[in-house]
Every structure is written in structure tokens, then in C-alpha cells.
1. Let me spell it out: the conditions are (1) of a type outside the set (S, T, N, Q); (2) assigned to a loop (DSSP other than H, G, I, E, B); (3) open to solvent by 70 Å² or more (accessible area, probe 1.4 Å), and R29 meets all of them except one. Which number is the exception?
2. Would you check if there is a residue in region 149-159 being open to solvent by 80 Å² or more (accessible area, probe 1.4 Å), of a type in the set (S, T, Y), modelled with pLDDT of 95 or more and over 17 Å from D97 (Cβ atoms)?
3. Quick one: which residue in S71, S20, S31, S25 is free of Cβ contacts under 8 Å to residues at least 60 places away in the same chain and either on the phi > 0 side of the Ramachandran plot or in contact with a strand residue (DSSP E or B) (Cβ under 7 Å, 6 or more places away or on another chain) (or both)?
4. For region 92-110, which positions are open to solvent by 20 Å² or more (accessible area, probe 1.4 Å) and either within 11 Å of I30 (Cα to Cα) or in a strand (DSSP E or B) (or both)?
5. With respect to T13, is the statement that it is open to solvent by 50 Å² or more (accessible area, probe 1.4 Å), more than 16 Å from H146 (Cβ to Cβ) and either out of contact with any Leu (no Cβ under 9 Å at 6 or more places or on another chain) or at pLDDT 95 or above (or both) true?
6. (1) buried (at least 22 other Cβ atoms within 10 Å of the Cβ); (2) modelled with pLDDT under 95; (3) of a type outside the set (A, V, I, L, M): which one isn't true of T52, the others all being true?
7. Would you please list the contacts, defined by Cβ atoms under 7 Å and residues six or more apart or on different chains, that run from a residue in region 154-165 that is of a type outside the set (D, E, K, R) to a residue that is open to solvent by 60 Å² or more (accessible area, probe 1.4 Å) and not in a strand (DSSP E or B)?
8. Name the pairs whose Cβ atoms lie under 7 Å apart, with the first residue in region 122-135 and farther than 20 Å from K64 by Cβ, the second open to solvent by less than 50 Å² (accessible area, probe 1.4 Å) and polar (S, T, N, Q), and 6 or more positions between them or separate chains?
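The values are calculated or read from the model by the stated rules, or taken from the named source; none is laboratory data. Here the structure is a predicted model, which is why all the values come from computation and not from measurement. FYI the Cβ positions are ideal-geometry reconstructions off the backbone, even for glycines, and counts take in every protein chain you see. The area values use the complete protein model at the heavy-atom level, side chains included, leaving out ligands, DNA and RNA. Shrake-Rupley method; radii C 1.70, N 1.55, O 1.52, S 1.80 Å.
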Amino acid sequence: QDGGLYTSTNRGTNWTKITSGLPSSGYRRISLAKDPSHTDTIYSVFQSTDVTPAGDAGLKGIFKSTDKGVSWTTVTSPPKIPSTSSLSYLGTQGWYDNVIAVDPFSSGTIYVGGVDLMKTTNDGTNWSQLTYWHSFYGSPVVHADHHAIAFHPTTPGKVYNGNDGGIYSTTN
């Protein structure tokens, strides 16, 4: 099968590629996250094969579905950042470190990670950089290569991050 997102309506006997609103080429790794507060809402991150600053800069796009993945719309991507040589937060490594998570206490608050972590609190309208892999670029310094984002089940704002340097946590 070709790469992409697929859906099954018969418990996996048959699969259909989802094409409505998603890239048809120029991507590799795809990450997914479900919005815990809205059962029909799913987010996806597509890593781009074009890692040039003039191209996709390593990020093909972030997409949102509100109908269980049948159709998708584009979410505004985070800005290119200096800590990845003016590429996306994935840098040239989206094939290796590419994660997305939705805050269970605050729909519209989305975290994405690659080389560094980014966050939006308004469904992608504005993004902020949360971590820096080296102090030359800013603070807080958190090890690069983010692979997992999890939330404390009862404490809003408590977030865990798994990366190549271990597990980090924050309450802010």
C-alpha cells in the first residue's frame, strides 16, 4: 500500500486511503493525536521530504479532522525557528522525532515536538517555542529529539515529555 492515512469501516477487513484535505505526496512519517475532549477530533503531523528553508522546511503540515478522520483541514503551522537553522521545529529529523498531543484539559491546546517543542493554545493561530536544545538559542534547555508527550490525569498544566535525554516534566 501507499503511505498515508487509511480508514476501515469493517474492523480492518478492508481499508480506504483518506485523501480529503491531506497531502498526496512529499511526506514520510505521520504522527496522530486524538482530542480527549472531543471524540470526533483528530490531529495529524506530516513530515516533509523537503527540508529546505524555501520549501516545507521539514514540516509538510499539521491537519485537523472533526469527523473521525473522514476529511481534514490545515492547521496553521508553527513558525520556522533559529534553533533548527530556520527550519520547522522538526528540523531535518521528522523521520525520527515527530510527536503531537492535545491537552485533555484544554481543547485547542496542542503540543508538537521534534528537535524542539512548540505549543498553541488557540488551535494553531499562534505558536510559541517551549524548549531549546541548546542554551545558545534560549531557555529552558531540554534535551532534543522529542518522542512522547503525556498529561497528568488529574492536574491541569502538568505535562511530561519523553525525549532522547529522558523524561522531563513541567507544571507551567
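1. (2)
2. Within region 149-159, one or more residues are open to solvent by 80 Å² or more (accessible area, probe 1.4 Å), of a type in the set (S, T, Y), modelled with pLDDT of 95 or more and over 17 Å from D97 (Cβ atoms).
3. S71 is the lone residue from the list that is free of Cβ contacts under 8 Å to residues at least 60 places away in the same chain and either on the phi > 0 side of the Ramachandran plot or in contact with a strand residue (DSSP E or B) (Cβ under 7 Å, 6 or more places away or on another chain) (or both).
4. W95, Y96
5. yes
6. The single condition T52 does not satisfy is (1).
7. As it stands, the answer is P156/F105; G157/T171; G157/N172; N163/H143; G165/H143, since those pairs meet every condition given.
8. Y132/S83; W133/S83; H134/S83
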